[in-house]
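Trainee: Submitted below is the structure of interest, expressed as C-alpha cells.
Readers should treat all values here as calculations from the given coordinates under stated rules, not as data from a laboratory. Since this is a predicted model, take the numbers as computed values, not measurements. Ideal geometry is used to build each Cβ from the backbone, glycine not excepted, and the neighbour counts take in all protein chains shown.
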Amino acid sequence: MTTTARRAARPAWVVPVGVPLALALVAGLLLRLYGLTAESLWLDEATSLMLARMDVPTLIEWTSLDIHPPLYYTLLHFWIALGEGEAMVRGLSLLASVLALPVMYGLGRTLFDGRTGLVATLLLAVAPFHIWYAQEARMYAWVTLLLSASVLLALLAWQKRRVGLWVAYALVTAAALYTHYYAVFGILLENLFFLYFLIKRRTTPRLLVAWCVSQLAVLLLFAPWLPTFLLPIIEGGGGWLAVGPGRPTLSSLANTAVLFTLGNSREMFPALLRRAGYLLFVGAFLAGLWPGKKRPEASAETSPQAPLYTEREALAFCLLYMALPIGLAWLVSQVGKPMYSARYMMPFLLPFLLLVARGVCNIPQPIVRGVVLLLLVLVALFGVWAQVRVADKPDWRGLAEQLTAQAEQGDLVLFIPGWHAKPFEYYAQGALAVCDDVPVPVDTYGDEALQAVAEAIEGRARVWLVWEEGHYTDPQGAVKEYLAGQMRPIYAAKMPLVGQVILYEREMGGN
C-alpha cells in the first residue's frame, strides 16, 4: 500500500504517532526543568565538577583510582565550557534524560508495538526516579541512555543485520562501559538472549559471526580501561558502599521498587494515595507479564523486517532486562563486598515501565485503559512535585551565603569530614579560608588528626566547625571536644542532612 493510500485509509480521528510522541518529549523536558536548581549542588555533584575542571589526562588519572570510569566526567569537562552555573552543570544529565525518551519508544515499538512504545515513553517522561537523576550532575542519566540504546541497537541489529547498526552497537556499548560499570549487566543480558536465539532459532553462521565480531569490538574498545575495571574486583574493593550502606537487605529491594514507582519522596504521599499508587503500578506490571494476542514467529533469514521474537519472548526479555542486574547485584553483595545501590539501578527502570505499559495496553476496554493510564500519570506527577518540595540535599548554597555574611576577617571554616568543603567552596567562591585536610576517621588517626586541627586553627581568632554528626569519620565528636578545649563556642545551629555548624572564638589573651 502506498503512503497516500495508507493516509486515505486512516480514520480522520486517528492522530499520527509523531504528535503524541512529541507531546511526551515536550512534557518530559518541562518536568525535568521544573525544580532544576531548587536544591544546592551536593558532594557528589561538586566532585563531578572538580574532576571536570581538570585537564583530560589528569581527569583520567584521577578516575583510574575511583569507582566510576571517566567518560561522563570527560563530557562534563567540555560541557562546562558553556558555563558553570547550577542549571548548566546539571544540564548535561538533563540532556541525556530527555534523549532516553525516544530510545524508550524504540524499545517499546521493537519489542511490542507502537502503542506500547508511546505509553512507555509517557510513563518514563513523568517517572519521578528518572527525573531525579536528570537533575543531578552525575553519570546515572547517561548510563541509562547509553545502555538502553545498546539494547535497542542489539535488537535492531539482530533483526535488520545492517553493518551500520553493528558499528553503532559496538560504539554505544563501549561508551556505556566507560560511563558506569553496571553496563556489564546489559552486555550479559544481550549475550544470554543471543545465546537463546542461537539455540532455538538456529541462526545463520553469518549472524553468529556478526555478533561475535561486535562483542570483540566492544572488548577492544574497552581494553585500555580493562585493568582498571578488574583491579577492584580482584582486590575485593567495595568503595563507599562498603563503609556506608553496607550489605543490601530485602528492604533494599523494596526501596528500589518504591523508587521505580513513586520516586524519592514517598513520605509526602497521603497514605491512601501511596497505597493506591503501589496497587496501580503492581497491577499494571503483573498484567504486563500476561501475553496478549499471539503473533507468529518470524525468522530473520526469511524476513529481515519481521520481529525475531514472539510476544512471550519479548516479555521474558523485559523481565530478564530488569531482574537480572538487580538480582545479581543484590546476590553478589551478600557474598562479596557490597555493590548494591538504588541509584545504580536506574537503567533498569526502563524495562519495568515497559512491562507496566504493556499491562496498560493489555486492558481491552479503551475507557478503562485510558483511566488507568491517567491515574498512573497523576501518581507519578505527584511524586515529581513531592521531590521538589522535600529537601534531600544539604543546603550548601544557604550556608555559604550565611557564613559569608557573618564571617569576620581571618575566620576559618573547618570541615569534618573535609570533603564537604567541595560543595561549600563552589558557592563561597574563595570568600572564606577553608580547612579540609584533617585525616579521618579521627578515631583511627588520633593525635595526628588533632595535631592537624591545632595547626589549622593556630593564630585564628574564630573558627567555624561544620561537623557531620554521627558520621563514621568522627562519630564521637573528638574534633568538636578539642576545639571546645581551646576556644569557646559562641554560636551553634543544626544543619539539616549534615549535622551542626558551631562558631568558636578564642578567649582574649589565649594562644
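Trainee: Counting other beta carbons within 10 Å of each Cβ, put Trp225, Trp211 in order, fewest first.
Mentor: By the 10 Å Cβ count, ascending: Trp225, Trp211.
Trainee: Exposed loop sites here are trypsin sites (Lys or Arg not before Pro) in DSSP loop states with at most 15 other C-beta atoms within 10 Å. What is the longest stretch of the chain lacking them? All intermediate terms of the calculation are to be shown ahead of the outcome.
Mentor: On the way: sites that count: Arg53, Arg162, Arg202, Lys293, Lys294.
Looking at the chain, 295-511 is the longest stretch - no exposed trypsin sites (Lys or Arg not before Pro) with at most 15 other Cβ atoms within 10 Å.
Trainee: What list of ³J(HN,Hα) couplings, whole Hz, do you get for segment 141-153 from phi and the Karplus terms 6.51, -1.76, 1.60, once you set θ to phi - 60° and write x for glycine and proline?
Mentor: Computed from phi, the couplings for segment 141-153 are 5, 6, 5, 5, 4, 5, 6, 5, 5, 4, 5, 4, 5 Hz.
Trainee: How far apart, in nm, are two points set 7 Å out from the Cα along the Cα-to-Cβ line at Arg53 and at Glu448?
Mentor: Label at Arg53, label at Glu448, 2.7 nm between them.
Trainee: With θ set to phi - 60° and the Karplus curve 6.51 cos²θ - 1.76 cosθ + 1.60, what are the ³J(HN,Hα) couplings of segment 20-26 in order, to the nearest whole Hz, using x for Gly and Pro?
Mentor: Listing the rounded values in order: x, 5, 5, 5, 5, 5, 5 Hz.
Trainee: Let me ask something else. Provide, in order from the shortest bin, the percent of all Cα-Cα pairs of segment 382-468 in each 10 Å bin, continuing until the bin that contains the maximum pair distance.
Mentor: Once binned at 10 Å, the Cα pair distances of segment 382-468 give 16, 42, 26, 11, 4, 0.
Trainee: Apply 1/(1 + (r/R0)^6) to the Cβ-Cβ distance of Val371 and Leu250, taking R0 = 30 Å, and write down the FRET efficiency to the nearest 0.05.
Mentor: Numbers: r = 33 Å, r/R0 = 1.10.
For Val371 and Leu250, the calculated efficiency is 0.35.
Trainee: What distance in nm separates the simple spin-label points at Leu30 and Thr204, each placed 7 Å from Cα in the Cβ direction?
Mentor: The answer from the label model is 4.8 nm.
Trainee: Relative to the longest principal Cα axis of the chain, at what angle does helix 114-125 sit, 0 to 90 degrees, rounded to 10?
Mentor: 10 degrees
Trainee: Give the range of the longest stretch in the chain that excludes all GluC sites (Glu not before Pro) found in loop regions by DSSP and having at most 16 other beta-carbon atoms within 10 Å. The partial results should precede the final answer.
Mentor: Values: sites that count: Glu84, Glu297, Glu301, Glu408, Glu458, Glu469, Glu507.
The longest uninterrupted stretch comes out as 85-296.
Trainee: So if each residue of separation counts as 0.36 nm, and I subtract the Cα-Cα distance between Ala223 and Glu401, what length gain in nm does that give?
Mentor: Extra length available between Ala223 and Glu401 comes to 59.4 nm.
Trainee: Okay, moving on. If you take every DSSP beta bridge fully contained in the chain, what fraction is antiparallel? Give it as a percent rounded to 5.
Mentor: Within the chain, antiparallel bridges account for around 65 percent of the total.
Trainee: Cα-based Rg (one decimal) and Dmax (whole number) for segment 442-511, in Å?
Mentor: 12.1, 37
Trainee: Roughly speaking, what is the stretch gain from Arg275 to Leu497, that is 0.36 nm per residue apart minus the C-alpha to C-alpha distance, in nm to one decimal?
Mentor: 77.2 nm
Trainee: Short version: ³J(HN,Hα) in whole Hz for each residue of segment 269-278, in order, from phi by Karplus 6.51 cos²θ - 1.76 cosθ + 1.60 (θ = phi - 60°), x for Gly and Pro, what are they?
Mentor: After applying 6.51 cos²θ - 1.76 cosθ + 1.60, I find 6, x, 3, 5, 5, 4, 5, 5, x, 4 Hz.
Trainee: State the volume of the convex hull built on the alpha-carbon positions of segment 90-136, expressed per residue in Å³ and rounded to an integer.
Mentor: Roughly 50 Å³ of hull volume per residue.
Trainee: For a quick check: with amide H placed at 1.01 Å from N, whose amide H comes under 5 Å from Ala433's, ignoring anything fewer than 5 positions away on the same chain?
Mentor: Answer set, sorted by chain and number: Val413.
Trainee: Still on this model: Excluding residues on the same chain fewer than 8 positions from Lys200, give the aspartates and glutamates whose Cα lies under 15 Å from its Cα.
Mentor: Leaving aside aspartates and glutamates fewer than 8 places away in the same chain, those within reach of Lys200 are Glu297, Glu301, Glu313.
Trainee: While we're on this one: What residues have an amide H closer than 5 Å to that of Gly499, excluding those fewer than 5 places away on the same chain, when H is modeled at 1.01 Å from N in the peptide plane?
Mentor: Amide H neighbours of Gly499: Glu469.
Trainee: Given Lys337/Lys393; Lys422/Lys494; Lys393/Lys422; Lys393/Lys494, which pairs have Cα atoms separated by over 22 Å?
Mentor: Checking Cα-Cα distances, Lys337/Lys393 exceed 22 Å.
Trainee: What ranking of Met268, Met345 emerges when the number of other C-beta atoms within 10 Å of each C-beta is taken as an exposure proxy, fewest first?
Mentor: Met268, Met345
Trainee: With label points built 7 Å along Cα→Cβ from the Cα atoms of Ile490 and Leu381, find their separation and express it in nm.
Mentor: Between Ile490 and Leu381, the simple spin-label model gives 5.3 nm.
Trainee: To continue, here is another question. Any chance you could get the radius of gyration and Dmax over the Cα atoms of segment 302-443, in Å?
Mentor: Cα only, segment 302-443: 25.0, 80 Å (Rg, Dmax).
Trainee: Round to a whole angstrom and tell me the spacing of the C-alpha centers of segment 308-329 and segment 85-125.
Mentor: So the separation of the two Cα centres works out to 19 Å.
Trainee: Now a separate question. If you stretched the chain out fully between Leu331 and Gln476, how much longer would it get, using 0.36 nm times the residue separation minus the C-alpha to C-alpha distance?
Mentor: Value of the extension gain: 48.8 nm.
Trainee: Right, something else. To two decimal places, what compactness ratio does the chain give when its Cα radius of gyration is scaled by 2.2 N^0.38 Å?
Mentor: Normalised Cα radius of gyration, the chain: 1.11.
Trainee: What ranking of Cys435, Cys212 emerges when the number of other C-beta atoms within 10 Å of each C-beta is taken as an exposure proxy, fewest first?
Mentor: Least to most surrounded, the residues fall as Cys212, Cys435.
Trainee: On a 0 to 90° scale, report how tilted helix 43-52 is relative to the longest principal axis of the chain, with both axes built from alpha carbons and the result rounded to the nearest 10.
Mentor: 80 degrees
Trainee: Next question. Which translational diffusion coefficient, to the nearest whole µm²/s, is obtained for segment 360-511 from the Stokes-Einstein equation, given a Kirkwood hydrodynamic radius over C-alpha pairs, 25 °C and 0.890 mPa s?
Mentor: D, rounded to a whole number, is 137 µm²/s.
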